[in-house]
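Here's a structure for you.
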Amino acid sequence: MEHPLLAPRKLARHLFVLLVIAGCVIAGFWQLDRLHQVRTYKAGVRRQLGEPAVPLDQVIPRGPQVDPARVAFRRVVVTGRYLDRDEVILAGRTLGDTPGNDLLTPLLLPDGRAIVVNRGWVPFAMDQPPVAQAGPPEGGVRVAGVLLSPDAATHPSTTRVRVTTRVDLVRLSERLPSRALPVYLLLQSQEPRQGGRLPRPQPLPTLDEGPHFSYAVQWFLFATVGVVGYPILLRRELHGRRS
């Protein structure tokens, strides 16, 4: 006589449950692998940020194009002159919990190159560049900050970019007197200092590990429910048949 738990329909259900459990285990280990990747990346970022600030030329010398990922999060010091007429609004940014915009202002370097500087946050109402209430110092400035990779790299724009929602250095550099460097600078301090209270410098991106660990725990819990709960269900079914 065929065992009630070995009927073809039951075997198909057993196989389905086993596949679900295996899938949960695989997903859990995948999340742990992603967590390891994130921790490795963040450790590299912390090492970069731990280096002392150096002149920009030591990080990005003139010559071949540099890989943005290789120099991102390096602390640098650079001198130049702001091109405030070419300022661009980076829309939809927050400072803490306060919504507003950031100001992207090109800095013309003594060697003729240019680097886009995120000078900081202004209220939403200040959405027409150049923002007079947050104008940069006139003449030469010495800027210290952290290099960051752009958000995107698309084709050059045929029109002048005035407002953008992401840092696309290819588009932003199209109207500049010199091609912008492939990274931009998050300003932390400058001499001479800003004349007014705006813009307010943005903090560095948060170096959290994301939800990967909690996701891994959830997937392993789902697998545990299957491993423990399914045999209990089968036992109850078998008991119900015998009673």
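The values are calculated or read from the model by the stated rules, or taken from the named source; none is laboratory data. Nothing here was measured: the structure is a model prediction, and the numbers come from that model. With ideal geometry, Cβ positions are generated from the backbone for all residues, glycine too; neighbour counts draw on all protein chains shown.
Just one of 49, 107 is within 22 Å of residue 201 (Cα to Cα) and buried (at least 19 other Cβ atoms within 10 Å of the Cβ); which is it?
Exactly one residue qualifies, and that residue is 107.
Residues 179, 166, 113: which one is assigned by TED's automatic domain parsing to the domain that holds residue 100 and within 16 Å of the chain's Cα centre (by Cα)?
After ruling out the rest, the residue left standing is 166.
Hey, does region 2-15 have a residue that's in contact (Cβ under 8 Å) with a residue 40 or more places away in the chain, within 23 Å of residue 205 (Cβ to Cβ) and part of a helix (DSSP H, G or I)?
No, region 2-15 has no match at all.
Conditions tested, residue by residue: (1) modelled with pLDDT under 85; (2) more than 18 Å from residue 91 (Cα to Cα); (3) of a type in the set (A, V, I, L, M); (4) not in a loop (DSSP other than H, G, I, E, B).
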| residue | (1), (2), (3), (4) |
| --- | --- |
| 156 | yes, yes, no, no |
| 166 | no, no, no, no |
| 171 | yes, no, no, yes |
| 175 | yes, yes, no, no |
| 194 | no, yes, no, no |
| 197 | no, yes, no, no |
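Which of the following residues is within 27 Å of residue 208 (Cα to Cα) and at pLDDT 95 or above: 77, 71?
77
Could you please give the count of residues in region 66-90 that are under 30 Å from residue 43 (Cα atoms), outside any helix (DSSP H, G or I) and of a type outside the set (D, E, K, R)?
8
Would you call residue 32 assigned to a strand (DSSP E or B) and farther than 13 Å from residue 146 by Cα?
No; evaluated as a whole, the condition is false for this residue.
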